[in-house]
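First the structure, in the form of structure tokens, and then the observations on it.
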Amino acid sequence: MGLENVGYHSIKDYLGIEENSEQKHEYEKGDILMMTGGTIDHGILCGNAYNELRSTLELSGSECRAIGSEVRIHIEQADSIVYPDAMIICGEIEVSEEDEQAIT
């Protein structure tokens, strides 16, 4: 579900809405999309994926880190900011210049 179509939204618009909302939103090329509520099965799947990633990284001695679904990723080339179900970050965390709470 998106916000009422009023034309292109900037990332600044998105961040203002996201900061003041109890719901999560994603940003896709000027559109601000409200994320739908999760299901029990999806929650279990996300938890299992995160746990498997984290365990595998720890057992392998990797310095990479698993991060769950509460952290945004800013994909500059795609002009989007999304909440992935899980991700792996290797090396230093790089933060978006436009969104200090998003990884790039």
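Among (1) at pLDDT below 95; (2) surrounded by 12 or more Cβ atoms within 10 Å (Cβ to Cβ); (3) not in a loop (DSSP other than H, G, I, E, B), where does Asp41 come up short?
(2)
Output the strands (runs of 3 or more DSSP E) that fall wholly within region 45-101 and possess 1 or more residues being over 14 Å from Tyr27 (Cα atoms) and open to solvent by 40 Å² or more (accessible area, probe 1.4 Å), or say none.
65-67, 87-89
Assess whether Glu70 counts as being modelled with pLDDT under 95 and within 28 Å of Gly91 (Cα to Cα).
Yes, satisfied.
Scan region 76-101 and report the pairs whose first residue is under 18 Å from Glu18 (Cα atoms) and whose second residue is open to solvent by less than 30 Å² (accessible area, probe 1.4 Å) and β-branched (Val, Ile, Thr), with Cβ atoms within less than 8 Å and a gap of 6+ or a chain change.
Short answer, once both residue conditions are applied: Ile81/Ile11; Val95/Ile103; Ser96/Ile81; Ser96/Ile103; Glu98/Ile11; Asp99/Ile11; Asp99/Ile81.
Conditions: (1) of a type in the set (Ser, Thr, Tyr); (2) more than 20 Å from Ala102 (Cα to Cα); (3) touching a helix residue (DSSP H, G or I) at 6+ places or on another chain (Cβ under 6 Å). Ser69 meets all but one. Number of the miss?
(2)
Taking the stated definitions as given, is Leu15 more than 16 Å from Tyr83 (Cα to Cα) and assigned to a helix (DSSP H, G or I)?
No; evaluated as a whole, the condition is false for this residue.
The values are calculated or read from the model by the stated rules, or taken from the named source; none is laboratory data. What you see is a predicted model; the values in this text were computed from it and never measured. Positions of Cβ are generated from backbone atoms using ideal geometry, with glycine treated the same way; all protein chains shown enter the neighbour counts. To get the accessible areas, we keep the full protein, side chains included, count just its heavy atoms, and leave off ligands, DNA and RNA. Shrake-Rupley method; radii C 1.70, N 1.55, O 1.52, S 1.80 Å.
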